[in-house]
Amino acid sequence: MNAHLLANHLINLAAPAALLALLMVLFSRLLARFFRSKQAFSQAWYAQVAINFIVGLGVLVGGLVLLGRDGKMLTYLTLVCAIACSQWWQLGGWKR
């Protein structure tokens with residue numbers, strides 16, 4: 001496998017985590033405005049995206065190691081749950 005194919009595989013491995021991390025932060029801020037929440041966000045949006053991306057990438061790599069291949073639905077289900085829990089934790093949902 002040459003460098004171009006390796007880079008392509010790594011980008012495609014990380015893409016679901018990056019997209020889901022970005023969408024989770026954007027939708028949480030949109031819903032906070034929609035429901036007129038007075039909640040102050042303690043971190044900048046890009047910091048939240050970065051933390052969610054790291055959590056998601058860890059889940060995807062863990063799924064690759066444990067299940068032996070990429071793209072299993074169990075890994076994607078765990079990815080969604082882990083990023084949702086990460087966002088909940090960052091917004092202080094555990095304080096309520």
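Laboratory data are not the source of any read-out in this text; all were calculated from the coordinates shown. The shown structure was predicted, so the numbers you read here are calculated from the model rather than taken from an experiment. Glycine gets a Cβ as well: all are built from the backbone with ideal geometry, and neighbour counts include every protein chain shown.
All of (1) within 18 Å of Ala14 (Cβ to Cβ); (2) more than 14 Å from the chain's Cα centre (by Cα); (3) surrounded by 13 or more Cβ atoms within 10 Å (Cβ to Cβ) hold for Leu66 with one exception: (3).
Here segment 69-85 is the region considered, the condition is being surrounded by 13 or more Cβ atoms within 10 Å (Cβ to Cβ), within 14 Å of the chain's Cα centre (by Cα) and free of Cβ contacts under 8 Å to residues at least 60 places away in the same chain, and the residue that is farthest from Leu10 (Cα to Cα) is Cys85.
Taking segment 27-49, which residues are in a helix (DSSP H, G or I), in contact with a helix residue (DSSP H, G or I) (Cβ under 8 Å, 6 or more places away or on another chain) and of a type in the set (A, V, I, L, M, F, W, C)? Please lay out each step first, then the result.
Going residue by residue through segment 27-49, those that are in a helix (DSSP H, G or I) are 27-34, 45-49.
With in contact with a helix residue (DSSP H, G or I) (Cβ under 8 Å, 6 or more places away or on another chain) added as a condition, the list becomes 28-29, 45, 48-49.
Matches in segment 27-49: Trp45, Val49.
To keep it simple, each residue is scored yes or no on (1) farther than 14 Å from Leu22 by Cα; (2) part of a helix (DSSP H, G or I).
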site: Asn52; (1), (2): no, yes
site: Val55; (1), (2): no, yes
site: Val59; (1), (2): yes, yes
site: Gly71; (1), (2): yes, no
site: Gln87; (1), (2): no, yes
site: Trp94; (1), (2): yes, yes
